[in-house]
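A quick write-up on the structure given underneath.
Just so it is clear, none of the values below were taken in a lab; they were calculated from the coordinates. Treat the numbers as computed from the prediction; the structure is a model and nothing was measured. Here the Cβ is made from the backbone with ideal geometry for all residues, glycine too, and neighbour counts use every protein chain on show.
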Amino acid sequence: MWGAIIGDLAGSIYEYEQTKQISKINPRCLIGEKSFYSDDTILTIAILDAILNDKDYPFYLKKYARAFINYKPNFSPYFKGVFSPGFTKWSQSNQVGDSIGNGAMMRISPVGYLFSSEKEIIENSINATIPSHNSNEAKQSPLPFL
């Protein structure tokens, strides 16, 4: 949990620029004064909240997305909003999402932290990711047991 959030903070100031060029990372200052939390932290906490309550993953993902819909880091340049347009649209609908991005994997660290059996971890990883990432690409697993 802490690793996911600290990693998000540490990498936040590089995320946008990495799409344009490779920026040098300063190992002496892991979390800078311009660091910020992104959608990955927000949705990691949503998954944690879901697990601690009733495991209604779609409900908690949408609840947090709606609560942070207007959050925009005070960092320039940055994307227009904290969530992708597709995720925002999904969070305001009753549809199953079909994203092929990596966002679902970025938010599931609470699953590994709070479940102990392999079966529970696999089951809850799937249940926590498919609400927004139910595309054929996202469902293709390199793991032979899924």
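Can you work out the FRET efficiency for the pair ASN53 and LYS89, with r the C-beta to C-beta distance and R0 = 22 Å, to the nearest 0.05?
E(calc), rounded to 0.05, equals 0.30.
Mind listing the phi-derived Karplus ³J(HN,Hα) values for the range 32-43, rounded to whole Hz, using 6.51, -1.76 and 1.60 with θ = phi - 60°, and x for any glycine or proline?
Those phi angles translate into x, 5, 9, 5, 8, 8, 10, 4, 5, 5, 4, 7 Hz.
What base-10 log of the normalised intensity I(q)/I(0) is obtained for the range 45-130 from the Debye formula, alpha carbons as equal point scatterers, at q = 0.11, 0.13, 0.21, 0.23 Å⁻¹?
Result of the Debye calculation: -0.32, -0.45, -1.04, -1.18.
Based on the alpha carbons, how large is the Rg to Rh ratio for the range 94-141 when Rh follows Kirkwood?
Values: Rg = 10.9 Å, Rh = 11.0 Å.
Radius of gyration relative to Kirkwood radius: 0.98.
Karplus couplings for the range 114-121 from phi (6.51 cos²θ - 1.76 cosθ + 1.60, θ = phi - 60°), rounded to Hz, Gly and Pro as x?
9, 10, 10, 8, 4, 4, 5, 5
What number comes out for the charge environment of SER93, summing +1 per Lys or Arg and -1 per Asp or Glu over other residues with Cβ under 13 Å away? Could the numbers behind the result be given before it?
Values: positive: LYS62, ARG66, LYS89; negative: ASP98.
Summing Lys and Arg as +1 and Asp and Glu as -1 gives +2.
For SER99, which sequence-distant residues (separation of 5 or more, or a different chain) have an amide H within less than 5 Å of its own amide H, given hydrogens modelled in the peptide plane?
When sequence neighbours closer than 5 places are left aside, the close amide H contacts are HIS133, ASN134, SER135.
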